[in-house]
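S.K.: Quick one: structure below, then a few questions.
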Amino acid sequence: MKLKTIINTLSLAAVALIATGCQDTDAQVDITPVDAPNFVEASTEEKPVYFGETTIKVAFDKNIGFATKNASKITVNGMPADKALVIGVSKELTVTKTLDFCKTIDLHIPAGLIVGPQGYTNAQDINVTFKISDLPENTATAMTQMLGWGWNLGNHFDTSNTQYGYWDGATPSPSLFNKLFLVGAKTVRIPTTWTNHMDDNYTIDPAYLNEVKGVVDLALTAGLNVILNTHHDSFETDLGNAASNEEAYLKDSTIIVKLWEQVAAKFADSPSNLIFETFNEVHAGDNWGGGSDAEYELLNKWNQWAVDAIRKTNPNRWIGVAGYAANIDLTIDHLVLPNDPVKHLMVSAHCYDPYNFCLQPYSESGAPLYSPAWGHYNDGVGAEEQAVINQLNKLRYAYIEKDIPCYLGEYGCVWKNTDFENAFRAYYLEFFCRVAHMAGIPMFVWDNNAKNSGNEANGYIDHETGAWLNDSETLVPTMIKACTDANSTYTLQTIWDKSPNPDLD
């Protein structure tokens, strides 16, 4: 039989078979051609907030082709994608979109855009939603709500001078703490140096203990939570020495245990909303950037011994524990939580990033050490905002998500020399506080009662009278709102949209 006759015969048979099949209309089904690309999955980098250039990887079951001119037909949150392409011979389509701040991404790829090896295209629309999870409902977030926004009585008791109260020159009064409570603060952190008030047997001066307790009681009476710690004590910078010298090791360890035994006993009958914090920023000498394995191990021992000393008289009180220099990254990497029978431990960290914008913006001659502006007008893409988001959310995923309470014991930004600079200071502080709220981190601003501007000018509320300092009458309520407001319409985008623009000033 000739080849032409064979083809004609097969063709007629196929037509007859199709015609017969079509007679049963109830049995009709949609059949996707075998060579059409089938969607497998889509993924994107896990982030605490979707923002800026975002890449979505879309995987198929076979190698695909895509006409880049069709990128605008793919939408992300209802807007055309910036780019969509297949890199080399691949089963993956890469979609890129620059996003405003959001917690949800909706990806839509219409049918017919993705081409398989034989020219067949995807038969169905592809719709995928990515959603960042809300904070868990656990003990850690309950403690976050309890602690709220807080304030440091900085440079009052935490003095290396033998006369406490020397650095801030103030005598805290009931009006101070009543003012804090009325404006919406929930917690006062009272940094305290103890070793300057010890005798040769490491006994704390009873008069000093009474003085500290009197101020703690003022804050508690006003309805505030209190965090009481060790701060600027003799062992705070002696970690390296103690890790390598047996005599220093024995001395510092003895002081830590005896100190906390005495402080804990003095406050054993205080209300449960008094919290102890083992240490402030323990580090080795002038080495703030990190320590040795031996130093990390010793600090973990110190935290354990402090917790054990407290538990002798305070079996259920909450205790904050601090990592190396209270640095976020070093804490996450090296802090080992002490054993605690009641598991009432919290992690304390500090953050003044970026340092030269927040604490030391000027040289000794007054020259700026950092751009007067902060944020996306510096680089056009928001890298500084993204850095804050990334840093604070490290604490969320390391602790809050694991039901370990965590708080930022110190943050802040100095009062600058010009209105222009202070506009960016206000933007930074509001943005920073809102990020902390979204990450589930309560936070306490550092206040040293400074009434001037420039380096270390961290005054917000007068330590004696409670009067506002600098621009705090508007700034403090803004920070409190940013840290505590549960309104979902108050987002990072709303703060971003009203940020200062140096091009217009």
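S.K.: Spin-label point model (7 Å from Cα, Cβ direction): what's the D308 to D82 distance in nm?
M.R.: 5.5 nm
S.K.: Using 7 Å Cα-to-Cβ label points, what is the T104/N378 separation (nm, one decimal)?
M.R.: 3.3 nm
S.K.: Across all directions of projection, what mean area in square nanometres is found for the Cα convex hull of region 39-131?
M.R.: 5.4 nm²
S.K.: At 0.36 nm per residue, and after removing the present C-alpha to C-alpha distance, how many nm does the segment from W288 to A59 gain when stretched out fully? Numbers along the way, then the final one.
M.R.: On the way: separation 229, 0.36 × 229 = 82.44 nm, distance 4.49 nm.
Additional length available on full extension: 78.0 nm.
S.K.: Region 66-108 to region 215-245: how many Å between their Cα centroids?
M.R.: Using only Cα atoms to place each centre, the spacing works out to 52 Å.
S.K.: Separate question: Relative contact order for the chain: what is it in percent, counting Cα pairs under 8 Å that are at least 6 residues apart?
M.R.: On the way: 962 pairs, mean separation 65.9, N = 505.
Result for the chain is 13 percent.
S.K.: I'd like the FRET efficiency for T203 and Y397, computed as 1/(1 + (r/R0)^6) with the beta carbon distance as r and R0 of 41 Å, rounded to 0.05.
M.R.: The formula returns an efficiency of 0.40 here.
S.K.: Now a separate question. So what are the three principal axis dimensions of region 139-504 from its Cα atoms, in whole Å, longest to shortest?
M.R.: The Cα atoms of region 139-504 stretch 63, 46, 44 Å along their principal axes.
S.K.: Explain nothing, just the number: relative contact order of region 178-303, from Cα pairs under 8 Å at least 6 residues apart, as a whole percent.
M.R.: 30 percent
S.K.: Can you compute the FRET efficiency between L135 and T44 using 1/(1 + (r/R0)^6), with r the Cβ-Cβ distance and R0 = 30 Å? Round to the nearest 0.05.
M.R.: 0.90
S.K.: A follow-up question, please. Considering the options Q124, C102, A42, tell which one lies farthest towards the positive end of the dipole of region 39-131, charges being +1 on Lys and Arg and -1 on Asp and Glu at the Cβ, about the Cα centre.
M.R.: Of the listed residues, the answer is Q124.
S.K.: Next question. Filter the DSSP H helices in the chain by two things, a Kyte-Doolittle mean of at least 1.0 and an axial alpha-carbon span of 20 angstrom or more, and list the hits by number.
M.R.: 3-22
S.K.: Using the C-alpha atoms of region 374-505, what convex hull volume per residue, in cubic angstrom, is computed?
M.R.: Cα convex hull per residue, to the nearest whole number: 119 Å³.
S.K.: Additional query: If you take the charge dipole of the chain about its Cα centre, with +1 on Lys and Arg Cβ and -1 on Asp and Glu Cβ, which of A482, I56, Y249 is farthest toward its positive end?
M.R.: I56
S.K.: Evaluate the charge dipole of the chain about its Cα centre and quote only its size in Debye, nearest 20, assuming +1 on the Cβ of each Lys and Arg and -1 on the Cβ of each Asp and Glu. Walk me through the numbers before you get to the answer.
M.R.: Numbers: 33 positive and 62 negative charges, 378 e Å.
The dipole magnitude comes to about 1820 debye.
S.K.: Let me ask you something else. Which pairs, out of K213/K301; K312/K402; K394/K498; K301/K394; K47/K416, put more than 30 Å between their alpha-carbon atoms?
M.R.: Table pairs above 30 Å Cα-Cα are K47/K416.
S.K.: Further question on the same structure: Using alpha carbons only, how many angstrom separate the centre of region 432-463 from the centre of region 278-327?
M.R.: Centre-to-centre (Cα) distance: 24 Å.
S.K.: If each residue of separation counts as 0.36 nm, what is the full-extension length gain between Q360 and A467 once their alpha-carbon separation is subtracted?
M.R.: 36.0 nm
S.K.: Expected output is a single nm value to one decimal: the length gained when fully extending between K498 and S175, i.e. 0.36 nm times separation in residues minus the C-alpha distance. What is it?
M.R.: 112.9 nm
S.K.: In addition: For an R0 of 35 angstrom, estimate the FRET efficiency from the Cβ-Cβ distance between E247 and V342 and round to the nearest 0.05. Display every interim value, and only then the final one.
M.R.: Numbers: r = 35 Å, r/R0 = 0.99.
The calculated FRET efficiency here is 0.50.
S.K.: Sticking with this one: Add -39500 (n - 2.57) for each DSSP H run of 4 or more in the chain, then divide by its residues: what number comes out at 222 nm, to the nearest 500 deg cm²/dmol?
M.R.: That calculation yields -10500 deg cm²/dmol at 222 nm.
Only the coordinates and a few stated rules stand behind these numbers; no lab work does. Since the structure is predicted, the reported quantities are computational estimates derived from the model, not experimental observations. Heads up, the Cβs are rebuilt from the backbone with ideal geometry, glycines too, and the neighbour counts pull from every protein chain shown.
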